[in-house]
Amino acid sequence: MRKVLIFFAIGLVLFSCKDDRCDSFPDISNISIDLDFEDLTGEIHAIDTEEELAAFLAANPIVRDDFFQAGNYKSEAEMLTETMKILSNPYVDTLYQEVTRIFDVNKLRDELEDAFSRIEYFYPDFEAPKVRTVYTGFGNDIYYNDSLLVIGLDYYLGPEASFRPDEHEYVKVRLTPDHLVPHLIQFTSNRFNDTNVDDRTILDEMVFYGKALHFVKTMLPCTPDSLVIGYNTEQMLNTEVSEPYLWAYFVDNALLYDKKPLNIAKFIEERPGIPEIDRRCPGRIGQWLGWQIVAQFESETDADFQELMTKTDSRQVLMQSKYRPRNR
């Protein structure tokens, strides 16, 4: 089959400049969130004995269970002994040193406060979760529920780190400090992103993820689109230029209402790329197209943001968006 995408080799171009409205829309000057934020990395690093470790884990059971994975051990005594070995390992000490060097936890707190304030603007009943930051030698990346967020900072150290988590390279490129807050806000969007869970089509998935990405951009308006979707600059530029051809591929191959799990995985879920479209087409391209549809729906219908997030009829969203990508 003829490849339909047009990909350009573009040099030093900075994609997705700041929106002129990014610092002022929406106006959150009257919203103040006193975020319960605590960096536990120093406390973990200071642990010298099993007794100190036991006391810390008793006070932080989520860290014990989800990051140090207590359930993998036969007994608490075994868990304490093995966890002390992890914390005493020189490579874990290196991770701690690099966490303190690479991460500005005050900046992280400020970014989360800003994003959570915007969420409260749209959803006054929203209560920001408590936030705790840790490092555990890649025990886990994130634990998140409505009341508590625990972040394994060592997962997000980026290419400067001496050690990286055991993830595919196409996932690992997004495990950086700059990608962390967009990831967290996309997780938060699940609370507000209504969807039908049964008998899903590719279009259903596109609109669901499109709303999630639109949520992130709304709550982080100054964040470049490349960080919201997790594409590099070249991928973003190529994808935007190729938008009409990407859309034509989905339409011409009757993919929008396809329900095959294999095709949903192929065009929506994590992959290094989608060679079925083009060898340079990035993975998750259906999510990106869904984002364009959702943004155009909001513009075309003047729907307010909260109403948009309740939309579950993907066919209606597409039709009312009058989505027709143009050559750029």
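With a simple spin-label model that places each label point 7 Å from the Cα along the Cα-to-Cβ direction, the separation between Arg109 and Leu262 comes to 5.2 nm.
Amide H of Gly273: which non-local residues (sequence gap of 5 or more, or other chain) have their own amide H closer than 5 Å, using H built in the peptide plane? Excluding prolines and chain starts, which carry no amide H, the hits are Gly283.
Taking θ as phi - 60° and the Karplus parameters 6.51, -1.76 and 1.60, the scalar couplings of the range 232-240 work out to 7, 4, 5, 4, 5, 5, 4, 5, 5 Hz in sequence order, x denoting glycine and proline. Rounded to the nearest 10 degrees, the angle from helix 76-88 to the longest Cα principal axis of the chain is 80 degrees. The angle between the Cα long axis of helix 90-102 and the longest principal axis of the Cα atoms of the chain comes to about 60 degrees, rounded to the nearest 10. GNM on the chain, alpha-carbon springs under 10 angstrom: the most fluctuating residue among Asp154, Asp146, Asp125 is Asp125.
In whole angstrom, the chain maps to an equivalent ellipsoid with semi-axes of 38, 23, 19, each derived as √(5λ) from the alpha carbon gyration tensor and ordered largest first.
Give the Kirkwood hydrodynamic radius (Å, one decimal) of the range 37-172, defined as one over the mean of 1/r across all pairs of different Cα atoms. Walk me through the numbers before you get to the answer.
Details: mean 1/r = 0.0627 Å⁻¹.
So the Kirkwood estimate lands at 15.9 Å.
Close amide H contacts of Leu148 (hydrogens built in the peptide plane, cut-off under 5 Å, sequence separation of 5 or more or a different chain): Lys130.
P(r) tail for the range 183-328, what percent of Cα pairs lie past 22 Å? Here the tail beyond 22 Å accounts for 34 percent of pairs. Relative to the longest principal axis of the Cα atoms of the chain, the long axis of helix 177-189 makes an angle of roughly 70 degrees.
Can you pull a Stokes-Einstein diffusion coefficient for the range 93-151 at 37 °C (0.692 mPa s), Rh from Kirkwood over Cα pairs, as a whole number of µm²/s?
Numbers: Rh = 12.9 Å.
The diffusion coefficient I find is 254 µm²/s.
Over the chain, Cα pairs under 8 Å with separation of 6+ residues give a relative contact order of 21 percent. Per-residue 3J(HN,Hα) values for the range 252-257, derived from phi via the Karplus relation 6.51 cos²θ - 1.76 cosθ + 1.60 with θ = phi - 60°, read 5, 9, 6, 8, 4, 10 Hz in sequence order (x marks Gly and Pro). Each residue, Thr100 and Ser88, gets one label point 7 Å from its Cα in the Cβ direction; the gap between the two is 2.1 nm.
The mean sequence distance of close C-alpha pairs (under 8 Å, at least 6 residues apart), as a share of the length of the range 202-321, puts its relative contact order at 38 percent. Each peptide among 172-184, 103-115, 203-215, 74-86 gets the average number of other Cβ atoms lying within 10 Å of its residues, and from highest to lowest they stand as 203-215, 172-184, 103-115, 74-86.
None of the figures in this text is laboratory data; all of them are computed from the coordinates on show. On a predicted model such as this, the values are computed, not experimentally measured, just so you know. No Cβ is skipped: glycine too gets one built from the backbone with ideal geometry, and neighbour counts run over all protein chains shown.
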